[in-house]
Every structure is written in structure tokens, then in C-alpha cells.
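A quick write-up on the structure given underneath.
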Amino acid sequence: MKAAAIITRIGAALLAAAGSAVAMANPQPWQLNMTEGVTETASRVYGLHMQVLWICVVIGVIVFGVMGVAMVRFRKSKGAVPAKWSHNTTAEIIWTVIPVLLLVAMAWPATKTLIFMADTSDSEMTVKVTGYQWMWRYQILNYKGESTSVNFVSRLDNTSDRTRQLGSGLDPADVRTGDENTYLLNVDNPLVLPTGTKIRFVITAGDVIHAWWVPNLGWKQDAIPGVVNQSWATIDKPGTYRGQCAELCGKDHGFMPIVVNAVSPQEFEQWLASQEAASTADATPVVAPSRG
Ligand SMILES: [Cu+2]
């Protein structure tokens, strides 16, 4: 009886781990590679990743190929005699110059991408993201040069929250949105953003260090109390992009997902207007009450 209970607990933990792995990159079944994302930053990062991957593959094939040939052709049973020389200037120059060239070939485009990612100038809107234990606050500070009062908290959705409680008797496999299992992936209030708009994010935290990470945007940014970090994104395609807090921030670190709904600028403007109307009617407190 006790063993059965332990097995059930382990099963639930494995399922939760599988759920959070799904959440990390919002992948397709059997997707092994990283996402190409929906921003130029993401596709540049993907390109760099592929470049480095193929350099590693070529190095691996050459190194292990030479090693394999040496092991087979020059084995002791064939009468191979070890060489006695200990120094070869030509070999040392070759094995120094080639790695230096490879590192420069990787560092040059990577540095260019880092500079590109850091350039938040000419943004058309600003979103302030604040991490709390264990939720996100989103404030649309301005849009197309006008300040806005949109300010809301985004938490784990109610269905997942009820299901995750110990002894809830609810099955994580039953938490679904359409044909997708969205256990621990949905939030009550997603962040709505316009496509084709350069969005500047200012990111901070109200208690401990969190990190705001939506893989499809191509970057991850630390949310640190007392520090305002910046990042930006121009989202190319409408869609639902999921993410997670990516810095261990306490017991509910795994329960503060991120959902970005990217919509056309027209739809975004309608949403913004409805949010502004709601926020003037009912001012939300700036510091959200913590959940027990
Ligand atoms: Cu966190």
C-alpha cells in the first residue's frame, strides 16, 4: 500500500517534470533542435546555434575518425611501434591556428548578434515586466508615444493550480486546451502584444531574482530586484508563445508560466483600449497579495 503510494508520487513527479520540459520550449513531439522562434533575434540565435553545431560535428567526425583509424591500423597485434619524438613545431602551429580561426569565426557573428540584441532604440512601445513569488506583473508603460495605464498580474491558471495541489485527485493529463496538454502552461491573464512592432521590455523583480524567458522571442532576461534590465522583440507572426520563469526563485518557481498572445496591431489596440477602460473603472493594487 505504502509502496503503491510512493510509486504514484514518483509518477506524478515524472509527469510534472515532463510537463515543465514541454513548457521550456513549447516544442513539437520529437522536436530535438531548438526553436527557430518568431523574431529576428531568435532566427539569428538559431543560425548561430546551427553554425556552432556543424563546426562541432565536423571536428567530432575528424577527431574520432582519425582516432578510430589509428586504433585499428596501428594496433599492437599488427606490430605497430610507438613513435619516440616529443616535439613538432609545425603540428603545434596547426593545432593553435585552426582553433583560433574557428573561435573567431564563431565569436564574430555572435558578438554582432549580441550588439543587435542590446539595441533597444527606436522602440514603439515599452512593457515593464516585474517578477514576484510567484507571478508576473505586466505594465504597458507606453504605446506609440502615448503612456498607458494597463497594469495587471499574470498567474498560473486556476485549473492547473487546483490540479497541482497534493491530494487534489485531479489528473494533470486532463488539463487541456484543445488537443494540447496545457498543465502548468496556461495563465489567467496572458500578455497581449502586437506583431510587427518593436517592443522594448524593462525587466525587474519585487522580491528575489526571477528570469523572464519566452524561447520563441530568442532571449532570456534576468529579473533582479533593484535592477532594471532591458531587452526587445519585434514579433513576426501572430500566435501563442509560452515561457517560464528561468531562475530558481522559491518553492513555486515551476508554477509561474508566461503566455504571450501576439496579435495584429489592430487587435492589440482594441485590447489595449478595453484594458484601459477596465483599469480606470477598477484600479488594481500595484503590489499583488501573495498566495498562501
Ligand atoms: Cu520566478
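Below are the figures for this structure:
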{"read-out": "Single unsatisfied condition, residue 177 versus (1) away from the ligand (no atom under 16 Å from the Cβ); (2) within 26 Å of residue 29 (Cα to Cα); (3) under 17 Å from the mean Cα position of the chain (by Cα)", "value": "(3)"}
{"read-out": "Residues satisfying the stated conditions in segment 124-134, i.e. more than 9 Å from the ligand (Cβ to nearest atom) and either of a type outside the set (S, T, N, Q) or surrounded by fewer than 20 Cβ atoms within 10 Å (Cβ to Cβ) (or both)", "value": "124, 125, 126, 127, 128, 129"}
{"read-out": "Cβ pairs under 6 Å, 6+ apart, first in segment 20-37 and under 22 Å from residue 187 (Cβ atoms), second modelled with pLDDT under 65 and surrounded by 11 or more Cβ atoms within 10 Å (Cβ to Cβ)", "value": "35/25"}
{"read-out": "Residue satisfying condition, being in the same structural domain as residue 194 (by TED's automatic domain parsing), surrounded by 15 or more Cβ atoms within 10 Å (Cβ to Cβ) and assigned to a helix (DSSP H, G or I), within set 163, 113", "value": "163"}
{"read-out": "Every residue from segment 215-243 that is among the hydrophobic types (A, V, I, L, M, F, W, C), under 17 Å from residue 257 (Cα atoms) and either within 14 Å of the ligand (Cβ to nearest atom) or not in a strand (DSSP E or B) (or both)", "value": "217, 223"}
{"read-out": "Unmet criterion (only one of (1) of a type outside the set (Gly, Ala, Ser); (2) within 24 Å of residue 265 (Cβ to Cβ); (3) within 16 Å of the ligand (Cβ to nearest atom)) for residue 189", "value": "(3)"}
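The values are calculated or read from the model by the stated rules, or taken from the named source; none is laboratory data. Bear in mind that the values here come from a model prediction, so they are computed numbers and not experimental data. Neighbour counts run over all protein chains shown; Cβ positions are idealised from the backbone, glycine included.
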